[in-house]
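Student: Pasting in a structure now, in structure tokens, and then I'll have a few things to ask.
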Amino acid sequence: MTEAPKTGPGETARGLIRAADRAVLSTSLATSLARDGLAGWPYGSLVLVATDHDLSPLLLISDLADHTRNIAQDARVSLLFDGTAGAVDPLTAARLSLLGRIARDDRPGPLARFLARHPSAQTYAGFGDFHLYRVVLSAAHLIAGFGRVHWLGAADLAPPTVAPALAAAETDIVSHMNQDHGDALDAYANGLLGRAGTGWRMTGIDAEGCDLRHAGEVARLGFPAPVESPEAARATLVRLAKQARAKPAGA
């Protein structure tokens, strides 16, 4: 029997980041907000997160929030991605601390990707004080379990391909899958990912996989190999649907 190839730290890190819909954002407390001499102290807050095709985390945050005022003074941030949910011993599961610099990104494409990932954010996305921010990756510290500890640079985290043609077609692909192939999306979630329920929807697709959502639950379906075009993505999605439907119930 051929042993399945082990996932490298870069691929593990990318999978963990892309699978997350929230993270802990750490910033340095701004002088204007300091209380009792606490300027510069680390300040953690829970944020919703999506990722762009190049893996850059995307955040939609308010100018009125303390963390936004903090980054106006110091753009260096950290995001903690927690992949330990459901683990009997959380210390055996993966988690990652990402380091980078954050800045406003007012382009409509990244905002659309964030809103697809987080439909509830539509209710406040148009408020004048909310803006999208992008974190440019500098490094990450990955703990993938006992003895599996890695410092990764930006080059280690970079996806094997960003696939501009696929990114340009993403909206059409997602719309088509949600409108015409809901049964396939349920098959991915139920048969390949072990998730329950029907009515799963696709929220995004990139070269390494696609993102699914059902109510408040999100799931990440990784591709067997990176895809670089809409045609390659379609072929992969068809193969995965056949694989999911052929899997015995409960397997």
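The values are calculated or read from the model by the stated rules, or taken from the named source; none is laboratory data. All values reported here derive from a predicted model rather than from experimental measurement. Cβ sites come from the backbone with ideal geometry, for glycine too, and all protein chains shown count toward neighbours.
Student: Considering only residues that are out of contact with any Leu (no Cβ under 9 Å at 6 or more places or on another chain), within 20 Å of Arg113 (Cα to Cα) and small (Gly, Ala, Ser), look in region 205-251 and name the one that is surrounded by the fewest Cβ atoms within 10 Å (Cβ to Cβ).
Tutor: Here the answer is Gly216.
Student: In addition: Can you give me the ranges of the helices (runs of 4 or more DSSP H) entirely in region 79-195 with at least 1 residues that are aromatic (Phe, Trp, Tyr) and closer than 16 Å to Pro57 by Cα?
Tutor: Working: elements: 108-117, 154-157, 164-180, 182-187.
Fully inside region 79-195 and qualifying: 108-117.
Student: OK, next. I'd like to know if region 100-108 contains one or more residues that are touching a Pro at 6+ places or on another chain (Cβ under 7 Å), buried (at least 18 other Cβ atoms within 10 Å of the Cβ), of a type in the set (Gly, Ala, Ser) and at pLDDT 95 or above. Spell out how you get there, then give the answer.
Tutor: Just the residues of region 100-108 that are touching a Pro at 6+ places or on another chain (Cβ under 7 Å), to begin with: none.
Looking through region 100-108, none of the residues is touching a Pro at 6+ places or on another chain (Cβ under 7 Å), buried (at least 18 other Cβ atoms within 10 Å of the Cβ), of a type in the set (Gly, Ala, Ser) and at pLDDT 95 or above.
Student: Looking only at residues that are within 24 Å of Val218 (Cα to Cα) and of a type in the set (Ser, Thr, Tyr) in region 133-191, which one is surrounded by the fewest Cβ atoms within 10 Å (Cβ to Cβ)?
Tutor: Across region 133-191, the extreme among qualifying residues is Ser175.
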